[in-house]
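One structure is given here, and the rest of the page talks about it.
What follows draws every value from the coordinates through simple rules; no lab data is involved. Predicted model, so just to flag it, every value in this text is computed and none were measured. No Cβ is skipped: glycine too gets one built from the backbone with ideal geometry, and neighbour counts run over all protein chains shown.
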Amino acid sequence: MSSLLITNGRVIDPSQDMDRVTNLLIEEERIAAFDVEPDKGSTNGSVATIDAAGKLVAPGLIDMHAYLGEPGGEDDETIRTGTQAALSGGFTSIACAPNTNPPIDTQGTVQFVKQQAADANNCHVYPIACVSKNRIGEELAEMGTLVGAGAVAFSDACSPISNPELMRRALEYLLMFDKPLLSHPEVQELSGDGVMHEGIVSTVLALPGIPAEAEAVMTGRDISLAESTGGRIHMMHISTVGSIDLIRRAKARGVRITAEVSPQHFSLTDEALRSFDSNKKINPPLRGQLHVDACIAGLKDGTLDVIASDHQPQAVEKKMQELDRAPFGVIALETALSVVVTKLIRPGHLDWMTALEKMTIRPARVLGIPKGTLQIGADADVTIIDPDATWTVDLDAFFSKSSNSPYQGETLYGRASTVIVSGCVKFERNC
């Protein structure tokens, strides 16, 4: 369709500090106007209308941390199923992590991801390329070529960059392209064979633990290297008191650092592992309540810039193993928005403006992509949200190819009802 009018919705756009009930006109894949009367319509002829009364109209949500399987992990997820899951969750743009097989460390793999996303024709997909060749942390990938191919950021995904000299050189090299380096902060020698957070619960369950220091020590190192080089560092899935304090102080000194937290880490604690459910085994692990409270505080005071899903699908047969053998990871694209509503907005920790800022314009700015806004002339990526929707998580109804969600059977609030990508309605929820 060439023209679409969204009427009676509460438009919340953090990029413009806009929060008011109005009508929004979309023409030719762009945001065209506000306050358009329904009977006026478009100068181009007929206009399709969506009545958004009682709903929120927001810039299309952006997830900057999702694993889409392809190439090589099609048993876990495909770009088609992952982008369908993204639409169901309200996301119009996602950045895909490079922990594929082969990894996204060549021009060809970047182009493959982009082509598969174009063929799926669901939401926008932005490839994140590897920092090191083959993600093994020994030699820098061809970053200039990867930027030219379309990579928006660089990361070795869930593999920490243990070599500080490699990290330093990567930060310096990326200054030429003004691209961020997305770091998974973990000292593997401290994590060892841990399967959950090291604390009282791990002791009671007699399970090997991952100490909070495994994250905090590496966070401190990365901050020091970013500060000395002037490079842009983004800390992925932060989960500990120590890391949040380090990031807060680094920002006060002017270090070019941003950070994200996943819904899992501000909504669940290590108590969930008492069930020995491998669908609650993630890395970094679910922490104690003190750490969860610190994550919420970090979101409130701006230390944590972004809410990212950390979508990590794992095939059913992989997660059906014993807890110490099952792989880390949970699916999160289809629950992220609702967990934010349920655990942050409804309890009063964040208002809608702040929460949406961390899921729209903030990740767009970190990645340097022209998304996350409803300004006139911007790409018409829009998410319409029913803030009062109540639903029970049923994995059989999910679009993701995997079912490793920690929220199965839980009642959540708020959900995307309509998702518009480049002016086209790509997803509508029937109820």
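Relative to the longest principal axis of the C-alpha atoms of the chain, give the angle of the C-alpha long axis of helix 164-174, reported between 0 and 90° and rounded to the nearest 10°.
30
If I take every Cα pair under 8 Å that is 6 or more residues apart in the stretch 60-367, average their sequence separation and divide by the length, what percent do I get for the relative contact order? Mind dumping the intermediate values first?
On the way: 653 pairs, mean separation 52.7, N = 308.
Normalised by residue count, the contact order of the stretch 60-367 is 17 percent.
How many nm is it between the label spots at ARG30 and GLN375, if each spot is 7 Å from the Cα in line with the beta carbon?
For ARG30 paired with GLN375, the spin-label model returns 1.3 nm.
Rank THR219, THR22, THR203 by mean-square fluctuation in a GNM of the chain with C-alpha springs under 10 angstrom and give only the top-ranked residue.
Maximum among the listed residues: THR203.
Using the Cα centre of the stretch 58-166 as the reference point, and only Cβ charges (+1 on K/R, -1 on D/E), how large is the resulting charge dipole? Debye, rounded to the nearest 20. Could the numbers behind the result be given before it?
Numbers: 4 positive and 13 negative charges, 65 e Å.
Using Cβ point charges on Lys, Arg, Asp and Glu, the stretch 58-166 gives about 320 debye.
Which whole-Hz couplings ³J(HN,Hα) result when phi for each residue of the stretch 401-413 is put into the Karplus expression 6.51 cos²θ - 1.76 cosθ + 1.60, θ = phi - 60°, listed in order with x for Gly and Pro?
6, 9, 10, 7, 9, x, 10, 3, x, 7, 8, 10, 10
If you put +1 on each Lys and Arg Cβ and -1 on each Asp and Glu Cβ, how big is the dipole of the chain around its Cα centre, in Debye rounded to 20?
Values: 37 positive and 56 negative charges, 120 e Å.
For the chain, the charge dipole is close to 580 debye.
In nanometres, what is the gap between the two model label sites at ASP178 and MET320, each 7 Å from Cα along Cα-to-Cβ?
Going from the ASP178 label point to the MET320 one covers 5.1 nm.
With springs only between Cα atoms under 10 Å apart, run a GNM on the chain and tell me which of SER132, SER191, SER46 wobbles the most.
Top of the fluctuation ranking is SER46.
Once phi is turned into θ = phi - 60°, what whole-Hz ³J(HN,Hα) does the Karplus curve with 6.51, -1.76 and 1.60 give for every residue of the stretch 202-212, x standing for Gly and Pro?
Result, rounded to whole Hz: 5, 5, 4, 7, 6, 10, x, x, 10, x, 4.
Where the only charges are on Cβ atoms (+1 Lys, Arg; -1 Asp, Glu), what is the dipole of the stretch 1-70 about its Cα centre, to the nearest 20 debye?
The dipole magnitude comes to about 180 debye.
When the helix-only estimate is applied to the chain (DSSP H runs of n ≥ 4, each -39,500 (n - 2.57), divided by the residue count), what is the mean residue ellipticity at 222 nm, nearest 500 deg cm²/dmol?
Helices in the chain give a 222 nm mean residue ellipticity of -8000 deg cm²/dmol.
Find which of ALA326, GLY194, GLY302 sits farthest along the positive direction of the dipole of the stretch 60-367, computed with +1 on the beta-carbon of Lys and Arg, -1 on that of Asp and Glu, about the Cα centre.
Going by the Cα projections, it comes out as GLY302.
Would you calculate the separation in nanometres between label points at GLU410 and ASP17, each defined as 7 Å from the Cα along the Cα-to-beta-carbon direction?
Each label point lies 7 Å from its Cα, and together they span 3.4 nm.
With both partners inside the chain, how many of the DSSP beta bridges are antiparallel, as a percent to the nearest 5?
That works out to approximately 50 percent antiparallel.
Relative to the longest principal axis of the C-alpha atoms of the chain, give the angle of the C-alpha long axis of helix 79-88, reported between 0 and 90° and rounded to the nearest 10°.
So the inclination is approximately 60 degrees.
So how do 26-39, 401-414 stack up, highest first, on mean other-Cβ count within 10 Å? Spell out each step's value before the answer.
On the way: 26-39: 15.6, 401-414: 19.6.
Ranking the peptides 26-39, 401-414 by packing returns 401-414, 26-39.
Could you give me the ³J(HN,Hα) list for the stretch 64-77, computed from phi with Karplus coefficients 6.51, -1.76, 1.60 and θ = phi - 60°, whole Hz, x at Gly and Pro?
9, 7, 9, 9, 10, x, 6, x, x, x, 5, 6, 8, 6
For HIS197, which sequence-distant residues (separation of 5 or more, or a different chain) have an amide H within less than 5 Å of its own amide H, given hydrogens modelled in the peptide plane?
ILE210, LEU286
Please work out the Cα center distance from the stretch 1-29 to the stretch 366-431, rounded to the nearest Å.
17
Need one word for the stretch 60-367: rounded, prolate or oblate. Basis is the Cα gyration tensor (sqrt eigenvalues a ≥ b ≥ c); a/c below 1.5 gives rounded, then a/b vs b/c decides.
It comes out rounded by the Cα gyration axes.
If you take the charge dipole of the stretch 1-97 about its Cα centre, with +1 on Lys and Arg Cβ and -1 on Asp and Glu Cβ, which of ALA58, THR7, SER93 is farthest toward its positive end?
Result: THR7.
Taking only Cα atoms, what is the 0 to 90° angle, nearest 10, from helix 213-229's long axis to the longest principal axis of the chain?
Helix 213-229 sits at roughly 70 degrees to that axis.
Would you mind checking which residues have amide H under 5 Å from PHE427's amide H? H placed 1.01 Å from N; only 5 or more apart, or other chain.
Counting only residues 5 or more places away or on other chains, the set is VAL419.
Ranked highest first by the average count of other Cβ atoms within 10 Å around their residues, in what order do 236-246, 136-146 fall?
Ranking, from highest mean packing down: 236-246, 136-146.
Based on alpha-carbon centroids, what's the gap between the stretch 213-255 and the stretch 93-117 in Å, whole number please?
If we compute the Cα centre of each part, the gap is 27 Å.
Taking amide H positions as placed 1.01 Å from N in the peptide plane, with prolines and chain starts having none, which residues 5 or more places from ASP63, or on another chain, fall under 5 Å of its amide H?
SER93, ILE94, ALA95
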